[in-house]
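Report on one structure; see the data block that follows.
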Amino acid sequence: MHMKDPEKKEALFDKALYKDILSFAWPIMLANLLQISFNFADTLVVGNYVSEKGLAAVGSAAPLIVFFTWGLNGLSLGADVLISRMIGAKEHGTIPKAVCSAIAIALCFGSLIGIFGFLFSRQLLVLLSTPADILADASLYTRIYFLACLPIAVYHFGSSILRASGNTKDPTRFLAVSGASNVILNFLSVALLKRGIIGAAVSSVIAQCISAFLILRKLFREEGYLRLRADMDLLDFSLIVRMLRYGIPSALQNQLFSFSNIIIQSSINSFGSDFVAANTAANAIEEYVYVFVDAFPLASLSFNSRLYGAKDYKQIARITCTTFLICGVGAFGIGAFILLNGRLFLSFLVQEPGIIELGMYRLFFVTFFLFMNGLLDVIVNSIRGMGLVTLPTIVTLVCVCGFRLFYIYTVFSAHHTPSVLYGCFPLSWTLAFVIQLGIWILRYRKIFREEAETF
């Protein structure tokens, strides 16, 4: 990385860093784009070859599935943070133990969540007030999908290990293979063999197993300190505790984010199956904004963790501001483009004009404002990279999750309309961003002051 350019030492937005950040982020963006495209293709197959109620069933199951899989994704960030810091501090001798410990966490938590979801998915969907006419299909789809939690955990932790060293290309290749397999299997099982919801769910499980196999094969064949070895002596419980200490706040944040979305999904369900189908279609399109919203916060986390481990504090502001600018501009542009062409995109997924108009509510109030979510995540991950993990998590939980729950049970209860419901998204992102920005400034000043006092 171009971290040591003395001529640009004081520049807040450093053009030399764009290449480094984009080089790290573009494989993640490509992976996101591929995954979203594959999910879009899946939605297209279900919507056109099953029924609109089948599409609504998959959409109703999605928040519950995301609640648990996002938790695994957040937990895996603990491996990214810890191994990135070890690389920055040149603690190469300890990294093989961290790699083995990370995969052990993935196997443990992936198995536990998969078993729990398989056993209790129907009861959870009932709690979400899933419409009765789609409950059976939603329950069947969810139970089968939860079998994928173990491979999902392995893939996320394996990706975090590789990403800590700057390797974002291999996880993208593996995701491309598994995603393409998912589309092909979906078309064969749903469109040709007419297996409906079961075919869609089984295809997803097989695809996740493929990605987990590829990431494990890469780690077993890796050269140097990132190589995974099947050696119980490499398990280090002190490293597992440290990894969980970094990962659990992220997992908790992701899960409570998802919990607030589940409450919102319950509110969405109250408008009926047509509105659920519209929300599902709009959400499938909305995912394209996450191409930017997800990639650059991960860059912020990895870069700043490595700089913090190397005690190179002066570069953190430049990395954060440059990542902030790229993420904000990109996400805003994509969100605006999708909003302007929203009816056209929605027509690819649903044919009823009334459902298309309902879908436009989400595209305006949520999709267009997703750039605020991206900016928030860049700042939060920068704070975590600087060693402050718990406070930004608490602030996000209160300002986003807590605010949304308060909003749903007060404002939305009094004004039961789609626009009021979706309005909780941009309002919560804005509130959290303002507070997190203040925390970032205070944390940066503190570590910068501590560095100056050292000398």
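Could you tell me how many of the residues in region 217-227 are part of a helix (DSSP H, G or I) and surrounded by fewer than 17 Cβ atoms within 10 Å (Cβ to Cβ)? Spell out the reasoning first.
Taking region 217-227 and keeping what is part of a helix (DSSP H, G or I), we get 217-221, 224-226.
Subsequent filtering for residues that are surrounded by fewer than 17 Cβ atoms within 10 Å (Cβ to Cβ) retains 217, 220-221, 224.
Count: 4.
Which ones in region 398-436 are farther than 21 Å from ASN254 by Cβ and part of a helix (DSSP H, G or I)? First the steps, then the outcome.
To start, the set of residues in region 398-436 that are farther than 21 Å from ASN254 by Cβ comprises 409-421, 423, 434.
Selection gives TYR409, THR410, VAL411, PHE412, SER413, ALA414, PRO418, SER419, VAL420, LEU421, VAL434.
Among what's in region 278-301 and is among the aromatic types (Phe, Trp, Tyr) and modelled with pLDDT under 85, pick the residue that is nearest to LEU349 (Cα to Cα).
Among them, the one singled out is TYR288.
Run down ILE215, ILE262 and say which single residue is of a type in the set (Val, Ile, Thr) and either free of Cβ contacts under 8 Å to residues at least 12 places away in the same chain or within 30 Å of PHE403 (Cβ to Cβ) (or both). If you could, list the steps in order and put the result at the bottom.
Values: ILE215 fails: either free of Cβ contacts under 8 Å to residues at least 12 places away in the same chain or within 30 Å of PHE403 (Cβ to Cβ) (or both).
One residue alone meets the criteria, ILE262.
Counting residues that are touching a Cys at 6+ places or on another chain (Cβ under 9 Å) and on the phi > 0 side of the Ramachandran plot, which helices (runs of 4 or more DSSP H) fully inside region 95-170 reach at least 2? Steps first, answer last, please.
On the way: elements: 95-127, 132-145, 149-164.
In region 95-170, no matching helices (runs of 4 or more DSSP H) lie anywhere.
Criterion first (modelled with pLDDT of 85 or more and under 25 Å from GLY93 (Cβ atoms)) does PHE271 satisfy it? Explain how you work it out, then say what you get.
On the way: modelled with pLDDT of 85 or more: yes; under 25 Å from GLY93 (Cβ atoms): no.
No.
Condition check ((1) exposed (fewer than 14 other Cβ atoms within 10 Å of the Cβ); (2) touching a residue at least 24 places away in the same chain (Cβ under 8 Å); (3) over 24 Å from PHE368 (Cβ atoms)) across all residues:
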residue	(1), (2), (3)
MET386	no, yes, yes
PRO392	no, yes, yes
THR396	no, yes, no
VAL411	no, no, no
HIS416	yes, yes, no
GLY423	no, yes, no
LEU431	no, yes, no
VAL434	yes, no, no
ARG443	no, yes, yes
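Go through PHE403, PHE348 for me and flag whichever is of a type in the set (Phe, Trp, Tyr) and either touching a Ser or Thr at 6+ places or on another chain (Cβ under 8 Å) or free of Cβ contacts under 8 Å to residues at least 60 places away in the same chain (or both).
Working: PHE348 fails: either touching a Ser or Thr at 6+ places or on another chain (Cβ under 8 Å) or free of Cβ contacts under 8 Å to residues at least 60 places away in the same chain (or both).
Only one candidate passes the filter, namely PHE403.
Could you go through region 189-209 and let me know if any residue there is in contact (Cβ under 8 Å) with a residue 24 or more places away in the chain, surrounded by fewer than 22 Cβ atoms within 10 Å (Cβ to Cβ) and of a type in the set (Ser, Thr, Tyr).
no
Only residues that are modelled with pLDDT under 90 and in a helix (DSSP H, G or I): list them for region 228-244, please.
MET232, ASP233, LEU234
May I ask you to list the residues in region 299-317 that are over 20 Å from LEU22 (Cα atoms), out of contact with any Lys or Arg (no Cβ under 6 Å at 6 or more places or on another chain) and assigned to a helix (DSSP H, G or I)?
In the first step, residues of region 299-317 are kept if they are over 20 Å from LEU22 (Cα atoms); the result is 308-314.
With out of contact with any Lys or Arg (no Cβ under 6 Å at 6 or more places or on another chain) added as a condition, the list becomes 308, 310-314.
Correct list: TYR308, TYR313, LYS314.
Give the residue that is modelled with the lowest pLDDT, with candidates limited to residues of region 15-32 that are of a type in the set (A, V, I, L, M) and surrounded by 19 or more Cβ atoms within 10 Å (Cβ to Cβ).
At the first step, the residues of region 15-32 found to be of a type in the set (A, V, I, L, M) are 16-17, 21-22, 25, 28-31.
Now narrow it down to the ones that are surrounded by 19 or more Cβ atoms within 10 Å (Cβ to Cβ): 17, 21, 25, 28-29, 31.
On the way: LEU17: 75, ILE21: 86, ALA25: 86, ILE28: 83, MET29: 83, ALA31: 79.
Top of the filtered list is LEU17.
Return the only residue of SER211, SER165, SER160, SER203 being at pLDDT 85 or above, more than 30 Å from ALA98 (Cβ to Cβ) and of a type outside the set (Lys, Arg).
Only one candidate passes the filter, namely SER203.
Only one of (1) modelled with pLDDT of 90 or more; (2) more than 24 Å from the chain's Cα centre (by Cα); (3) among the small types (Gly, Ala, Ser) fails for SER129. Which number is that?
Among (1) modelled with pLDDT of 90 or more; (2) more than 24 Å from the chain's Cα centre (by Cα); (3) among the small types (Gly, Ala, Ser), SER129 violates only (1).
Checking GLU357 against (1) crowded, with 18+ Cβ neighbours inside 10 Å; (2) more than 26 Å from GLN315 (Cβ to Cβ); (3) acidic (Asp, Glu), which test does it fail?
Of (1) crowded, with 18+ Cβ neighbours inside 10 Å; (2) more than 26 Å from GLN315 (Cβ to Cβ); (3) acidic (Asp, Glu), only one is false for GLU357: (1).
crowded, with 21+ Cβ neighbours inside 10 Å and over 30 Å from SER160 (Cα atoms): is that true of ALA331 in this structure? Walk me through how you get there before you give the answer.
On the way: crowded, with 21+ Cβ neighbours inside 10 Å: yes; over 30 Å from SER160 (Cα atoms): no.
No; evaluated as a whole, the condition is false for this residue.
What's the total number of residues in region 220-237 that are more than 27 Å from the chain's Cα centre (by Cα) and either closer than 27 Å to VAL380 by Cα or acidic (Asp, Glu) (or both)?
Total meeting the criteria: 4.
When you scan region 377-393, do you find a residue that is part of a helix (DSSP H, G or I) and either farther than 19 Å from SER305 by Cβ or in contact with an Asp or Glu (Cβ under 7 Å, 6 or more places away or on another chain) (or both), even just one? Can you show your working first?
Our first condition is that a residue be part of a helix (DSSP H, G or I); within region 377-393, this holds for 377-385, 390-393.
So of that shortlist, the ones also either farther than 19 Å from SER305 by Cβ or in contact with an Asp or Glu (Cβ under 7 Å, 6 or more places away or on another chain) (or both) come out as none.
No; the residues of region 377-393 include none that is part of a helix (DSSP H, G or I) and either farther than 19 Å from SER305 by Cβ or in contact with an Asp or Glu (Cβ under 7 Å, 6 or more places away or on another chain) (or both).
Please indicate, with yes or no, whether at least one residue in region 305-328 is buried (at least 21 other Cβ atoms within 10 Å of the Cβ), closer than 30 Å to ALA61 by Cβ and either over 19 Å from the mean Cα position of the chain (by Cα) or of a type in the set (A, V, I, L, M) (or both).
Checked region 305-328: no residue is buried (at least 21 other Cβ atoms within 10 Å of the Cβ), closer than 30 Å to ALA61 by Cβ and either over 19 Å from the mean Cα position of the chain (by Cα) or of a type in the set (A, V, I, L, M) (or both).
Could you say which residue among LEU112, LEU147 is aliphatic (A, V, I, L, M) and surrounded by 18 or more Cβ atoms within 10 Å (Cβ to Cβ)? It would help to see each step written out before you state the result.
Working: LEU112 fails: surrounded by 18 or more Cβ atoms within 10 Å (Cβ to Cβ).
When all the criteria are applied, what remains is LEU147.
The values are calculated or read from the model by the stated rules, or taken from the named source; none is laboratory data. What you see is a predicted model; the values in this text were computed from it and never measured. We place every Cβ from the backbone using ideal geometry, glycine too, and count neighbours over all the protein chains shown.
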